[in-house]
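S.K.: Please read through the structure below; I'll follow up with questions.
The values are calculated or read from the model by the stated rules, or taken from the named source; none is laboratory data. Just so we're clear, the structure is a prediction, and the values are computed from it rather than from any experiment. We place every Cβ from the backbone using ideal geometry, glycine too, and count neighbours over all the protein chains shown. Areas reflect the complete protein model, heavy atoms only, side chains present, ligands, DNA and RNA absent. Shrake-Rupley method; radii C 1.70, N 1.55, O 1.52, S 1.80 Å.
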Amino acid sequence: MTVKISESAPGTNGQEQGSARTRDGWRLEPHCCRACFARIVSRPDDAGRLYQCTNCGAQAAGHKPDVVCACGTKLRRHRGDGRSAAQLVDAGIRCHQNKRVSPEFPALFVASYGGAQAADDE
Ligand SMILES: [Zn+2]
Ligand SMILES: [Zn+2]
């Protein structure tokens, strides 16, 4: 006998239309991975949300995508007084929509210093 494994209702339901949510709860984030610049997805988690890279699989839980995305890129900066170790400061890199999608660089979302690409188009 045949066992039907189908979660989707027969016929059409337009409920998924316009939603970036996948069936198992992952949601596309407008952010890209700090390591490989692929798109980040997230889903609810005990600690807030679980953010994961769709390409390299890097993942972390948090309340903002910057736990894995390029927005969270930190630079090591040494303090002038020489007393304490280097501190991590925000590198100023921000994810944003790629306004110059091209065959060479087709990513929908990119990261640049201060979101520079987005700014100089406006
Ligand atoms: Zn990645
Ligand atoms: Zn980001």
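S.K.: For the subset of the range 27-44 comprising residues that are assigned to a strand (DSSP E or B) and more than 13 Å from ligand 2 (Cβ to nearest atom), which member is nearest to the chain's Cα centre (by Cα)?
M.R.: Only one residue tops the list, namely Arg27.
S.K.: Would you mention how many residues in the range 45-81 are in a strand (DSSP E or B) and open to solvent by 90 Å² or more (accessible area, probe 1.4 Å)?
M.R.: Here the count works out to 4.
S.K.: Also: Can you give me the number of residues within the range 45-69 that are near ligand 2 (Cβ under 9 Å from one of its atoms) and under 8 Å from the mean Cα position of the chain (by Cα)?
M.R.: Going through the range 45-69 one residue at a time, the tally reaches 4.
S.K.: I'd like the residue in the range 82-111 that is aliphatic (A, V, I, L, M) and within 16 Å of Cys36 (Cβ to Cβ) and, out of all such residues, is surrounded by the fewest Cβ atoms within 10 Å (Cβ to Cβ).
M.R.: Step by step, filter the range 82-111, then rank; the result is Leu108.
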